[in-house]
1. With a sphere of radius 15 Å drawn around the Cβ of T202, what net charge do the other residues whose Cβ falls strictly inside it have (Lys, Arg +1; Asp, Glu -1)?
2. How do 198-208, 72-82, 132-142 rank on mean C-beta neighbours within 10 Å, highest first?
3. For segment 113-129, take each phi angle, set θ = phi - 60°, evaluate the Karplus expression 6.51 cos²θ - 1.76 cosθ + 1.60, and give the result in whole Hz per residue in order, putting x for glycine and proline.
4. For segment 95-190, report the accessible area per residue in Å² (1.4 Å probe, heavy atoms, rounded to an integer).
5. For T100 paired with H233, estimate the spin-label separation in nm (one decimal), with each label point 7 Å from Cα along the Cα-to-Cβ line.
6. Under 15 Å from the 7 Å Cα→Cβ point of S482, by amide nitrogen: which residues of segment 314-347?
7. At a 10 angstrom cut-off on C-beta neighbours, averaged per residue, how do the peptides 214-221, 369-376 rank from highest to lowest?
8. Of the accessible area of segment 346-483, with the probe set at 1.4 angstrom, what percent is carbon plus sulfur?
Amino acid sequence: MLTRFSSLQRVRNLKAVRPQIFAKFSTAPEPSSKLLNPPRVPNLIGGTFVDSKSLASIDVINPATQEVVSQVPLTTNEEFKAAVSAAKEAFPSWRNTPITTRQRIMFKLQELIRRDMDKLAMNITTEQGKTLKDAHGDVFRGLEVVEHACGMANLQMGGYVPNVSNGIDTYSIREPLGVCAGICPFNFPAMIPLWMFPVAATCGNTFVLKPSEKDPGASIMLAELAMEAGLPHGVLNIVHGTNDIVNAICDDDDIRAVSFVGSNIVSFLLTLAGMHIYSRASAKGKRVQYISRFSKNQLFLMGNLINFCAQSNMGAKNHGVVLPDASVDATLNALVAAGFGAAGQRCMALSTVVFVGDSKSWENKLMERAKTLKVNAGTEPDADLGPVISKPAKERILRLIQSGVDSGARLLLDGRNIVVPGYEHGNFIGPTILTDVTADMECYKEEIFGPVLLCMKADSLEEAMNIINKNKYGNGACIFTSSGVAARKFQTEIEAGQVGINVPIPVPLPFFSFTGNKASFAGDLNFYGKAGVNFYTQMKTVTQQWKDLPGSGGVSLAMPTSQKL
């Protein structure tokens with residue numbers, strides 16, 4: 001039985017086929033409010049939204065209310081195979097579609113995303129919990145990647161050198177790989193899918209997308225918009241599930257490349273995905289894009305020394321250095337926004353600030369500013385930050401806060417016991433500040449992934465940079481100063497892949513690439529930008545000769561060279 005999944009409706013009003021019976025694997029550790037008949041999220045196979053035949057499903061829970069807003073079926077192996085087959089069947093025609101036609105579809109897609117921006121944002125807030133304003137930003141940052149894909153003809157352009165030898169020309173071209181796949185996290189339900197399938201598809205690939213089981217609605221809505229924009233049937237397919245589907249994606253011989261972003265290690269299922277995908281997919285000869293929270297050494301050991309081409313950003317502990325000459329108001333605003341925005345559930349969240357010189361005045365002002373933030377359901381107009389994604393996530397964050405206190409850190413601002421009127425069962429944690437943090441504390445070593453800001457001290461810029469450079473991660477770092485000399489020293493000597501100067505979250509726009517180094521990165525191909533295009537394509541070099549060949553002279557078995565003998 002087929003069903004359309006309308007992007008014009010909120011999740012609770014989605015038109016989906018009702019299951020007759022199903023086994024529920026709820027993500028809520030306590031009874032949650034449930035709609036009488038929660039809608040089922042469909043698969044997308046060969047251009048048709050189809051309800052899964054699976055009897056097993058996972059509840060999608062509003063983290064502010066604990067209401068079950070929909071259910072995600074665990075796609076069966078037969079349905080997964082059908083999705084891959086649809087992508088494989090669509091590939092020959094799609095790869096031969098003129099690049100200008102593929103670009104026009106992306107032009108139309110960005111127009112439709114703008115049209116439905118509010119609906120997408122509402123869906124994200126309902127399922128993920130972030131504020132509506134932040135949800136709009138989620139969509140917009142993905143939209144920028146779609147806009148960049150509109151210029152794919154230039155991005156995918158090869159090279160040409162005439163007459164490399166007598167009468168011989170050589171040129172290189174970038175060709176699509178075939179069927180590619182993407183596995184998405186919960187924290188950016190629109191942005192991450194838009195990092196993946198628009199670039200892959202505009203390069204000429206077909207795609208199988210697995211959204212997060214916690215908030216799949218945005219992916220479904222984006223897929224419907226892509227088809228409305230003219231994306232042919234089978235070019236984009238969507239399946240759902242957990243580790244079984246992840247393993248199937250890794251193992252399928254028809255899938256040539258896998259992009260994976262994992263949001264944190266709270267979720268057992270995402271942990272399985274993170275542990276498996278880098279080694280399992282590469283063992284099958286696939287290209288792998290990977291952003292998650294595992295160290296390079298963990299993945300190196302699990303990968304069993306397998307040789308592969310990978311794009312991997314694997315963890316984060318982002319630092320901000322505050323010098324005494326920094327602009328007070330601008331710096332405080334930046335620290336609060338980057339530390340507590342999205343309830344800290346960003347891989348580029350500013351989780352640690354290092355104050356150079358006197359820290360007391362900074363810390364007190366930081367606390368007062370953080371106290372003004374309003375914690376509420378993301379749909380409420382006064383909300384500055386919403387809930388974290390799940391009860392287990394909240395429990396982990398609380399444990400790490402307490403571990404800091406037990407290790408000697410001072411709890412300057414405690415948001416652990418906050419209660420939001422009207423949303424008493426929500427997964428809320430208020431802004432929390434720990435001071436006197438040292439590098440040996442668990443709260444510093446672990447990525448907290450919540451609204452918690454750690455404060456450290458240094459006597460000099462050199463000492464502050466030494467703290468950062470000794471950390472195993474290198475996703476991002478920033479400095480706040482009015483000194484160009486200090487800023488230049490910082491950008492030159494700091495060991496982080498994305499550096500901000502008076503910019504707290506230095507995530508580059510799509511004409512660059514998302515980068516990182518040290519344990520935050522492995523491989524040589526990054527998400528989006530030119531590196532993203534390179535990931536979804538392979539090089540072919542053609543050497544041709546069209547001159548009249550001599551009729552005599554015999555056969556030469558010597559190595560061909562450009563030298564005329």
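The values are calculated or read from the model by the stated rules, or taken from the named source; none is laboratory data. Keep in mind the model is a prediction, meaning the values are calculated, not measured. So basically every Cβ, Gly included, is an ideal-geometry build from the backbone, and we count neighbours across all protein chains shown. Just the protein is used for accessible areas: all its heavy atoms, side chains included, with ligands, DNA and RNA removed. Shrake-Rupley method; radii C 1.70, N 1.55, O 1.52, S 1.80 Å.
1. After counting each charged neighbour, the total is +3.
2. Going by the mean number of other Cβ atoms within 10 Å, highest first, we get 198-208, 132-142, 72-82.
3. Karplus values, whole Hz, x for Gly and Pro: 4, 4, 4, 9, 4, 5, 5, 4, 4, 5, 4, 4, 5, 5, 8, 9, x.
4. 38
5. A separation of 2.8 nm, rounded to one decimal place.
6. 323-332
7. Packing proxy ranking, top to bottom: 214-221, 369-376.
8. Of the solvent-accessible surface of segment 346-483, carbon and sulfur hold 49 percent.
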